[in-house]
Amino acid sequence: QVQLVESGGGLVQAGGSLRLSCAASERTFSNYGMGWFRQAPGKEREFVAAISWSDGRTYYADSVKGRFTISRDNAKNTVYLQMNSLKPEDTAVYYCAAKWRMTVVTQSTYDYWGQGTQVTVSS
């Protein structure tokens, strides 16, 4: 069982930045493809970004491409989401997720989820 704990959310003005972290309990973290998803009030949860377990390749939703950067530090069992040029429409609860030896953008495929961290962007 992999436990994922997100942190780094908060309130920020439009145009500002935040960095989210997701710490995993699993010592074989390097074997997991990792993803970030978000759910805004009244909306379904949607894909934000993913990073490969094998070659570090990254994938982004069109809505965040060029503003958000996903990265991982396998030595710290942590995946990050650097969010720049934030917009009010980025307001959501952000979740990280883990999938054993796969890198996917489909949320139903992921095996483990964190509890989420709230990001609020004021205009």
Please work out if Ser30 is in contact with a helix residue (DSSP H, G or I) (Cβ under 9 Å, 6 or more places away or on another chain), open to solvent by 30 Å² or more (accessible area, probe 1.4 Å) and not aliphatic (A, V, I, L, M).
yes
Find the residue count for the range 55-80, including only residues that are more than 18 Å from Ser30 (Cβ to Cβ) and either among the hydrophobic types (A, V, I, L, M, F, W, C) or modelled with pLDDT under 95 (or both).
3
From the list Gly9, Gly16, which one is of a type in the set (Gly, Ala, Ser), open to solvent by 30 Å² or more (accessible area, probe 1.4 Å) and touching a residue at least 12 places away in the same chain (Cβ under 8 Å)?
Gly9
Going through the range 50-94 in order, the residues found to be part of a strand (DSSP E or B) and more than 18 Å from Val12 (Cβ to Cβ) are Ala50, Ile51, Thr58, Tyr59, Tyr60, Ile70, Ser71, Arg72, Asp73, Thr78, Val79
Residues that are without any contact (Cβ under 8 Å) to a residue 40 or more places away in the chain and either of a type in the set (A, V, I, L, M) or under 18 Å from Ala75 (Cβ atoms) (or both), drawn from the range 19-43
Thr28
With the checklist (1) surrounded by 14 or more Cβ atoms within 10 Å (Cβ to Cβ); (2) assigned to a strand (DSSP E or B) in hand, flag the one item Gln118 doesn't pass.
(1)
Those residues of the range 95-114 which are touching a Phe, Trp or Tyr at 6+ places or on another chain (Cβ under 8 Å) and not in a strand (DSSP E or B), in sequence order
Arg101, Met102, Thr103, Val104, Val105, Thr106, Gln107, Asp111, Gly114
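The values are calculated or read from the model by the stated rules, or taken from the named source; none is laboratory data. Because the structure is predicted, anything quoted here is derived from the model rather than measured. For neighbour counting, all protein chains shown are included, and Cβ atoms are generated from backbone atoms with ideal geometry for every residue, glycine included. Only protein heavy atoms, including side chains, enter the accessible area calculation; ligands, DNA and RNA are left aside. Shrake-Rupley method; radii C 1.70, N 1.55, O 1.52, S 1.80 Å.
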